[in-house]
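Taking it in order: structure first as structure tokens, then the write-up.
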Amino acid sequence: MLRQVRNDIRVIKNRDPAAKNNLEIILCYSGLHAIWNHRIAHFFYTHHWFVIARVISTISRFLTGIEIHPGAQIGEGLFIDHGMGTVIGETTIIGKNVSLYQGVTLGGTGKEKGKRHPTIGNYAVIACGAKVLGSFTVGEGAKIGAGSVVLHEVPPYSTVVGIPGHIVVQKGKRLQAHHTEQDIDLNHNRLPDPIEDQITALKQQVALLQNRLDAIDDTSDMHLTLHKQA
């Protein structure tokens with residue numbers, strides 16, 4: 001348990017430049033408190049003490065602003081930055097070294113039973129306010145842009161943005177045989193903007209059409225002038 005606690009602290013120091021020392025992390029990081037509380041609640045949940053587990057998770061939500069259902073399965077190295085408004089559903093499975101930012105929802109889409117929440121692959125990064133809804137897999141190393149709503153499976157090493165979310169970058173192959181925590185790409189503020197790309201393409205098309213119309217007008221004026229001279 002002590003090894004796990006030390007690893008939790010190290011994860012925050014590695015991924016949050018605002019973290020100054022261990023004492024600050026232990027006392028002030030709500031994401032860390034939520035994870036620790038979840039482990040206790042998950043223990044009771046797996047031993048079928050469901051009411052105690054839900055009471056612990058409810059108290060944790062009140063104290064941290066982060067709601068993690070005690071049934072969720074969370075791997076090592078989870079980093080919840082700020083975390084206010086983050087919701088993680090009952091059948092969610094989170095892999096190793098995943099990063100979640102504030103307002104993220106890992107939720108379901110209805111009242112179906114069984115697996116109804118997403119599975120998040122190792123080293124995935126889900127940015128502020130993103131909603132991942134349904135029973136599908138977000139692949140290893142994927143990045144979900146801020147405010148995106150993801151309703152379908154995301155291949156590994158892909159970048160998804162928009163509402164509904166769509167893939168704008170896909171590596172298509174495994175970049176490295178072995179990952180370390182330093183390989184996690186936290187630059188979720190630098191993502192492609194497909195809407196801006198489409199607007200740029202439309203502007204170029206309009207400019208091309210305008211040039212053609214101008215050329216047609218010049219040709220017509222020249223023919224009219226020659227006709228008058230004749």
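The values are calculated or read from the model by the stated rules, or taken from the named source; none is laboratory data. Worth saying up front: this structure is predicted, and the values here are computed from it rather than measured. Here the Cβ is made from the backbone with ideal geometry for all residues, glycine too, and neighbour counts use every protein chain on show.
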Checking the condition free of Cβ contacts under 8 Å to residues at least 60 places away in the same chain, in contact with a strand residue (DSSP E or B) (Cβ under 6 Å, 6 or more places away or on another chain) and assigned to a helix (DSSP H, G or I), which residue from ARG61, ARG54 passes? ARG61
Could you tell me which of the residues GLY83, GLY65, GLY77 is in contact with a Lys or Arg (Cβ under 6 Å, 6 or more places away or on another chain), surrounded by 14 or more Cβ atoms within 10 Å (Cβ to Cβ) and in the same structural domain as GLY107 (by TED's automatic domain parsing)? GLY77
Answer yes if at least one residue in the stretch 75-88 is of a type in the set (Phe, Trp, Tyr) and either touching a strand residue (DSSP E or B) at 6+ places or on another chain (Cβ under 7 Å) or under 11 Å from ILE120 (Cα atoms) (or both), and no otherwise. yes
Is one or more of the residues making up the stretch 109-117 free of Cβ contacts under 8 Å to residues at least 40 places away in the same chain, in contact with a strand residue (DSSP E or B) (Cβ under 6 Å, 6 or more places away or on another chain) and either surrounded by fewer than 24 Cβ atoms within 10 Å (Cβ to Cβ) or more than 17 Å from ARG15 (Cβ to Cβ) (or both)? no
Which condition number does TYR45 fail, the rest of (1) at pLDDT 95 or above; (2) under 22 Å from the mean Cα position of the chain (by Cα) being met? (2)
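Consider the stretch 1-43. How many of its residues are hydroxyl-bearing (Ser, Thr, Tyr) and either part of a helix (DSSP H, G or I) or over 19 Å from LEU63 (Cα atoms) (or both)?
1
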Take ILE35 and tell me if it is crowded, with 22+ Cβ neighbours inside 10 Å, touching a residue at least 12 places away in the same chain (Cβ under 8 Å), touching an Asp or Glu at 6+ places or on another chain (Cβ under 7 Å) and in the same structural domain as ARG10 (by TED's automatic domain parsing). yes
Just one of the numbered conditions (1) crowded, with 21+ Cβ neighbours inside 10 Å; (2) over 24 Å from PRO118 (Cβ atoms) is not true of PRO70; which one? (2)
